[in-house]
Structure formats: structure tokens, C-alpha cells
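The values are calculated or read from the model by the stated rules, or taken from the named source; none is laboratory data. Note that the coordinates shown come from a computational prediction; the quantities given were computed from them, not determined experimentally. Cβ placement follows ideal geometry from the backbone for every residue including glycine, while neighbour counts extend to all protein chains displayed. Side chains are part of the model used for accessible areas, which takes the heavy atoms of the whole protein and leaves out ligands, DNA and RNA. Shrake-Rupley method; radii C 1.70, N 1.55, O 1.52, S 1.80 Å.
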Amino acid sequence: MPSEELHAIELLARVQYGRLATSMRALPILAVARHIVVDGRVVLRMHSGLGYHEACDGTVVAYGADNFNASPSGDDELWSVQFTGPAEIVHPTPEQRERFGAAPVQVNGEPFAPAYLGVDPHFVSAHTLGFHASQVIRNAA
């Protein structure tokens, strides 16, 4: 993987959640997922009750994450990473499951039941929004 793509995947480790995009029964879906990076592969945790993991298994999906909820300060940059790649249902090790941290108690009023997808990033891109310190101060007023 080229260094720009490696950097983009490393940025994902700075945030916990992203958005998975695919189609289900010929309709587009966008789902929030918790992610970790394991040896250059992105592993997603999502609620199995929605069936999104089954719709993604064996298909190419898109995934994106960003730090847009952070406030820019000084020369900090806001960034977004997105990639496409093949997804498959995986069974993380106990150590990897621990890295995900606490799971939600419920999703849409149902008990959370985790499902995991592994995604091999292809066509990775990152975009940044740079702010000069004077812009941040002016915008804060």
C-alpha cells in the first residue's frame, strides 16, 4: 500500500466511528459502524439485527470516517478518509473485540447483538481542511 494510503488508514485509528455504504435489495444504505484497524485491514462492528453485515458479506462496500466533530485549533486540520473494498464476515480475536470497547446496550430499542465485517481497503483517499489560527479566532467570536 502506498504511503499516502497507509497514512489515510492510520487516520482511522484516531476516531471510533464511521459510515458504511452499500446496497441492500437494490437500495442504497448508509450505516454507522465502530471500527478498528488490524494490520492494514479495517474491522467493523455493527448491530446484527439490521442484517447489514449479511448484505455486505462478499461484496464491495464503501467506508468513510472523519474528525469533523473536532474544533479546529491553530494549524490543526480536519480530515476525512474514504475507501472501497471487499467485505466479509469475520470473527475477531478476544483481544480485537476488547479494542472495540463498550458496545451499545440497544439499537432501535432492541438489545445490541454484534456482527463483524473485515474490509480490505482499496482506492483509499484522504482529504483535509486546513485552518489558519486567525480564521479560528475570528470564527470563534
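Here are some notes:
- Checking each residue in the range 40-49 for being surrounded by 13 or more Cβ atoms within 10 Å (Cβ to Cβ) and outside any strand (DSSP E or B) picks out Ser48, Gly49.
- Just one residue in the set Val37, Val81 is touching a residue at least 60 places away in the same chain (Cβ under 8 Å), surrounded by 15 or more Cβ atoms within 10 Å (Cβ to Cβ) and in a strand (DSSP E or B); that residue is Val81.
Residue-wise test of (1) surrounded by 13 or more Cβ atoms within 10 Å (Cβ to Cβ); (2) at pLDDT below 95; (3) in contact with a Lys or Arg (Cβ under 9 Å, 6 or more places away or on another chain); (4) over 22 Å from Ala62 (Cα atoms).
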position: Pro86; (1), (2), (3), (4): yes, no, no, no
position: Pro92; (1), (2), (3), (4): yes, no, yes, no
position: Gly101; (1), (2), (3), (4): no, no, yes, yes
position: Gly109; (1), (2), (3), (4): no, yes, no, yes
position: Ala113; (1), (2), (3), (4): no, no, no, yes
position: Gly118; (1), (2), (3), (4): yes, no, yes, no
position: Phe131; (1), (2), (3), (4): yes, yes, no, yes
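- The range 82-109, residues that are closer than 17 Å to Arg34 by Cβ and acidic (Asp, Glu): Glu95, Glu98
- Set Val15, Val37, Val42: member being of a type in the set (A, V, I, L, M), within 24 Å of Ala102 (Cα to Cα) and out of contact with any strand residue (DSSP E or B) (no Cβ under 7 Å at 6 or more places or on another chain): Val37
- Contact annotation: residue pairs with Cβ atoms under 8 Å, 6 or more positions apart or on different chains, pairing a residue in the range 86-110 that is free of Cβ contacts under 8 Å to residues at least 60 places away in the same chain and assigned to a loop (DSSP other than H, G, I, E, B) with a partner that is open to solvent by less than 60 Å² (accessible area, probe 1.4 Å) and of a type in the set (Ser, Thr, Tyr), are Val90/Tyr116; His91/Tyr116; Pro92/Tyr116.
- Restricting attention to the range 51-69, the residues being open to solvent by less than 20 Å² (accessible area, probe 1.4 Å), small (Gly, Ala, Ser) and either touching a helix residue (DSSP H, G or I) at 6+ places or on another chain (Cβ under 8 Å) or closer than 29 Å to Thr128 by Cβ (or both) number 2.
- Filter result (open to solvent by less than 30 Å² (accessible area, probe 1.4 Å), modelled with pLDDT of 95 or more and under 14 Å from Asp57 (Cα atoms)) within the range 7-32: Leu20
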